[in-house]
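Values in this text are rule-based calculations from the coordinates and carry no lab data. Being a predicted model, the structure only gives us computed values, none of them experimental. Cβ coordinates were reconstructed from backbone atoms using ideal geometry, including for glycine residues, and neighbour counts include every protein chain displayed.
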Amino acid sequence: MRWGWLLAGLGVCIALLLAYAWVDGGREPVRDIVETVPLPELTK
C-alpha cells in the first residue's frame, strides 16, 4: 500500500516538473554565440 502512494507521489512530481519545463521552455529566445572561446591545446 505504501509503495503505491510513493509511486503515485513520484509520478505527480515528475509530471509537475515536466509541465513546468514545457511551459518555461519557450520564454527566453535562443541567441547566437558571438564571442570566441579559447580551446585548450591537445597534447599526446
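Here's the picture: charge each Lys and Arg Cβ at +1 and each Asp and Glu Cβ at -1 in the chain, and of Ala8, Trp22, Leu39 the one pushed furthest to the positive end of that dipole is Ala8.
Dipole size of the chain about its Cα centre, with +1 on Lys/Arg Cβ and -1 on Asp/Glu Cβ: approximately 320 debye, rounded to the nearest 20. Here the alpha carbons of the chain define both size measures, Rg and Dmax, at 20.9, 58 Å.
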